[in-house]
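A.B. asks: I'd like to ask you about the structure that follows.
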Amino acid sequence: MSTQLRVLIAPAVNKGHEEVVLGTFERSVEGLSRLSAQAHTNVLHLTRGRSWTGLRGQVGRVSDPSSPRRSVVVYGLGSREEFDCRRLSNWLRQVFRNEMQGIFRRVAVILPSHESLDGSKCALRTLTELSLANYLYEDYKSKGSEKRSIAMTLIPPEDSLSSFRKAGKLVPALVEGIRWSRDLANTPPNIATPEWLAEQARRMAKARQMKIRILGPAQLERMKMGGMLAVGRGSSNPPRLVRLEWGRGEQVIAFVGKGVTFDTGGISIKPSRSMDEMKYDKCGACAVLGVAKATSAMNLPFRFRAYLPLAENMPDGSAYRPGDIIRSYNGKTIEITNTDAEGRIILADALAWAAREQPDQLLELSTLTGATVVALGHHAAALYTPSQELAEELLVAAQESGEKLWRMPLWEEFGNDMKGVHADLRNAGGRWGGANGAAAFLSNFVGDVGRWAHLDVAGTAYRSHDTKDDPGATGFGVALIIHWLLRQAGKT
């Protein structure tokens, strides 16, 4: 069932709410003062019974005699000491999914009083994750799901009400960016070619009054972007490199996002198992487009640029080969040892272009290596940066947004592993430490930019189709970057 969800913030339960939800910790009941006297009594009777423990997952229901049609649903939240913003968000998503199965359309959720709710950062994360709980991608289903709507009103503790209202003003733009990022990434590869994705960027740029430049094969040739041309050469869908610019401010922040619209591996072809999921190799570019859409609706004091290298990696007679040597935009030569290490090759041109325009900060997102998934699973993205200050900022934003990062090393040894035999560099090193070698490779293309970071989101950008947990693109990186920008702008 497809459910339209409206998330509202209010100070109290009102007569229009058909159901009221509240949580209890193991040794305390929260939010009773927000209930009618009769409902208050009934909840106490439930929670003081021998069968009630307040453990996570426990659910009970009582009536509210003050409103004949209304019931009160009580959830166990577990230990107060272990409760945090993550558990709050998980609980609210559970509440929403349970309400999807019910008949009520207007639900009030009384949030517990807890120190983890202090400040607007937890509020922003909570509202964002709840607003995405109803996401479905059904553009290519001949018959969509049955639709119903739910208005879920969150009633925070009095001392958190202003934080939730402040966060609520930012949520629509952030959620729009994440949803669009997911939609783009979920679009099938027979539709989402490099030209199609560039066109989506062009339409957004026109609607949001951004500057845009789109390079096709002829322009890439003139600019000597050998990486883009090599990777895109084997496909009947030629490559594109998109540059966007928007916003105002003295500080320039640049984003680069890998956009391989489909990755067969080229001549070094991938195994057939799960190759259908290689449409998600464009998730870095889709996340950057989501950031662009979100930030263009926020009054942030920065000037932004985005660079999106878009190509399809196919194995026809024109495809680049292992053993080829290509020249990138900044003049460095690259010896091809594996055509399935194509993302770093197109990123080389895009990063070099971004660096040549001298941004103050440069963030790059890519589904770059399977080695990252081996190291971190699907729980966190890998963070590489030479800047301790930038690393700390991004790790804080990761904690606040709920999008986990783990910092990985950029040691000289990994750079040595990527030196070529007959060229300056090779695009793939040995078997071990592959994600680190890939990051070291990219470091050759960031010029003099000191505050740069590479985020390898291979394990977090999408959930496999054989999982039960909302398969498809996640939009990972959009919330993380927005939290990072809001903190820099002093808006959280």
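A.B. asks: Among the candidates Leu480, Leu455, single out the residue that is hydrophobic (A, V, I, L, M, F, W, C) and within 23 Å of Ser328 (Cβ to Cβ).
C.D. replies: Sole residue among the options that is hydrophobic (A, V, I, L, M, F, W, C) and within 23 Å of Ser328 (Cβ to Cβ): Leu455.
A.B. asks: Let me ask something else. Could you pull out the residue among Ala355, Ala397 that is under 19 Å from the mean Cα position of the chain (by Cα) and small (Gly, Ala, Ser)?
C.D. replies: On inspection, the qualifying residue turns out to be Ala397.
A.B. asks: Of all the residues that make up the range 142-169, how many are touching a residue at least 40 places away in the same chain (Cβ under 8 Å), more than 23 Å from Thr3 (Cβ to Cβ) and part of a helix (DSSP H, G or I)?
C.D. replies: Going through the range 142-169 one residue at a time, the tally reaches 7.
A.B. asks: Another one. From the list Ala371, Ala375, Ala397, Ala381, pick out the single residue that is touching a residue at least 40 places away in the same chain (Cβ under 8 Å) and touching a His at 6+ places or on another chain (Cβ under 6 Å).
C.D. replies: Ala397
A.B. asks: Considering the range 246-298 alone, what residues qualify as being over 19 Å from Gln209 (Cα atoms) and of a type in the set (A, V, I, L, M)?
C.D. replies: Residues satisfying the conditions are Val256, Val260, Ile267, Ile269, Met275, Met278, Ala285, Ala287.
A.B. asks: Please give the number of the condition Val446 fails out of (1) open to solvent by 30 Å² or more (accessible area, probe 1.4 Å); (2) more than 27 Å from Gly377 (Cα to Cα); (3) in contact (Cβ under 8 Å) with a residue 60 or more places away in the chain.
C.D. replies: Single failed check for Val446: (1).
A.B. asks: Can you name every residue in the range 146-177 that is in contact with a strand residue (DSSP E or B) (Cβ under 8 Å, 6 or more places away or on another chain) and either open to solvent by less than 20 Å² (accessible area, probe 1.4 Å) or among the aromatic types (Phe, Trp, Tyr) (or both)?
C.D. replies: Ile150, Ala151, Met152, Thr153, Leu154, Ile155, Pro156, Phe164, Val171
A.B. asks: Would you check if Ser113 is closer than 25 Å to Gly472 by Cα, in contact (Cβ under 8 Å) with a residue 40 or more places away in the chain and among the hydroxyl-bearing types (Ser, Thr, Tyr)?
C.D. replies: The answer is no for Ser113.
A.B. asks: So, one more: Here are some residues: Ser387, Ser464, Ser366. Which one is open to solvent by less than 10 Å² (accessible area, probe 1.4 Å), among the hydroxyl-bearing types (Ser, Thr, Tyr) and in contact (Cβ under 8 Å) with a residue 12 or more places away in the chain?
C.D. replies: Ser366
The values are calculated or read from the model by the stated rules, or taken from the named source; none is laboratory data. As the structure is a computational prediction, the values presented were derived from the model and not from experiment. Every residue, glycine among them, receives a Cβ derived from its backbone with ideal geometry; neighbour counts consider all protein chains shown. To get the accessible areas, we keep the full protein, side chains included, count just its heavy atoms, and leave off ligands, DNA and RNA. Shrake-Rupley method; radii C 1.70, N 1.55, O 1.52, S 1.80 Å.
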